[in-house]
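Here's the structure, in structure tokens; my notes come after.
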Amino acid sequence: MMHMKTIGHILTACLLSAGIVIAGPVLAQEDAERLQGLDLSRDLCSGCHVVEENQRSVLIDGVPSFPTLGRSGRSNAQLRVWLNEPHPVMPQMPLSAREVDAVIAYIRSFAD
Ligand code: HEC
């Protein structure tokens with residue numbers, strides 16, 4: 001069975017190549033950013049957060065899911081402040097500024 005992350009990478013590659021041909025570089029860039037955000041979320045956040053609608057894992061009390069956060073009306077700025085602060089339990093977010101943008105783009109995609 002193919003690992004979800006592998007599927008993510010394949011999706012990224014497909015979207016990138018399809019985007020360049022069909023939708024142009026701007027759309028491709030946005031999709032790629034969201035997919036990078038999904039990848040990062042699966043890697044770094046899914047131990048505590050439910051990061052996608054169909055994630056099969058135990059919901060931890062008091063930890064908001066990303067779909068919920070995306071629909072919560074929090075702004076990019078609010079999410080950025082949170083991600084640049086040390087997180088409870090997790091001392092430091094090992095994310096670059098661009099990776100923070102990608103994770104925010106991914107979380108906000110639930111509001112679309
Ligand atoms: C070690 C567990 C843990 C990990 C890993 C973790 N979080 Fe959290 N996160 C929490 C907890 C607990 C809360 C709720 C804290 C609270 O409400 O005070 C939270 C809350 C949040 C919030 C909501 C802040 C708000 O405005 O209320 C965001 C956004 C968030 N996390 C993003 C992330 C992202 C993105 C990652 C991965 C890069 C991540 N978290 C990884 C435990 C974690």
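Every number in this text was worked out from the coordinates using simple rules, so none of it is lab data. All values derive from a computational prediction rather than experimental measurement. Glycine gets a Cβ as well: all are built from the backbone with ideal geometry, and neighbour counts include every protein chain shown.
Annotations
- Computed label-point distance, nm, for sites residue 52 and residue 29 using a 7 Å Cα→Cβ extension: 2.5
- Here residue 61 and residue 111 are evaluated by their C-beta separation; at R0 = 25 Å the FRET efficiency comes out at 0.55.
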